[in-house]
Amino acid sequence: MTTNDHYFTAEPASPDERREVKVHLAGRDVDVETAGGVFSPGHVDLGTDVLLRAVPAPPATGDLLDLGCGWGPLALSLALASPDARVWAVDVNERALDLVRRNAERLGCANVVAARPDEVPDDVRFAALWSNPPIRVGKESLHELLLHWLPRLAVGASAHLVVGKNLGADSLQRWIAEQLGDRADVERVSTSKGFRVLRVTAR
């Protein structure tokens, strides 16, 4: 049976069949739980891997954000690297959020908060934001998403986004720079395997 599920579906209709996979996060091999109906359920996808290789070590404390967390490779990496920080794993997909919670517990990451976008308090400002954003939701929804979260960076804090070159990374970089203007510096920090890593630093 086929379904019309997308990884940005709130309640996936596909069977919730859980399985374990071994992945490499934060310098160690770990076992995590994944399932269909979430983004890249079988492994750390190539774009996320490119991002993880390009980002600097996250801040040791503060609020850190994985935007569009899926089963949690970025959130878990943040949590393992910065155990004294609070890591927000944000997604609209309830199955993804459940997987993140279970994986955080499995890896002993008590500092992960898996939440829908509307569950993050408005006054939280982020010391870092890592994201493999859901480009395929469409340009309008993607722009709305980024304009909601990027301005919530603390002054001096950076967001790192990975975007496929063939999915409009360069035009997205220009658009972010135009939208944020003098509120942020936007630059490309890495190109690898068909992906760009963009850094947005709040002024």
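Please treat every number below as a calculation from the coordinates, not as lab data. As the structure is a prediction and not an experimental result, all values here were calculated from the model. Using ideal geometry, Cβ is built from the backbone for each residue, glycine included, and neighbour counts are taken over all protein chains shown.
Report the residue count in the range 54-64 for those that are assigned to a strand (DSSP E or B) and touching a helix residue (DSSP H, G or I) at 6+ places or on another chain (Cβ under 7 Å).
Within the range 54-64, the first condition is being assigned to a strand (DSSP E or B), and the residues that meet it are 63-64.
This time we only want the ones that are touching a helix residue (DSSP H, G or I) at 6+ places or on another chain (Cβ under 7 Å), so: 64.
Within the range 54-64, residues that are assigned to a strand (DSSP E or B) and touching a helix residue (DSSP H, G or I) at 6+ places or on another chain (Cβ under 7 Å) number 1.
Scanning the range 92-115 for residues that are more than 24 Å from LEU142 (Cβ to Cβ) and in a loop (DSSP other than H, G, I, E, B) gives LEU107, GLY108, CYS109, ALA110, ASN111. Candidates are the residues of the range 126-141 that are buried (at least 20 other Cβ atoms within 10 Å of the Cβ) and of a type in the set (A, V, I, L, M); the one that is farthest from the chain's Cα centre (by Cα) is ALA127. Taking the conditions exactly as written (among the hydrophobic types (A, V, I, L, M, F, W, C) and over 15 Å from the mean Cα position of the chain (by Cα)), does LEU107 satisfy them or not? Against the criterion (among the hydrophobic types (A, V, I, L, M, F, W, C) and over 15 Å from the mean Cα position of the chain (by Cα)), LEU107 qualifies. Being in a loop (DSSP other than H, G, I, E, B), touching a residue at least 40 places away in the same chain (Cβ under 8 Å) and not hydroxyl-bearing (Ser, Thr, Tyr) is not true of PRO83. Just one of the listed residues (ARG183, ARG199) is under 19 Å from LEU74 (Cβ atoms), basic (Lys, Arg) and surrounded by fewer than 20 Cβ atoms within 10 Å (Cβ to Cβ), namely ARG199.
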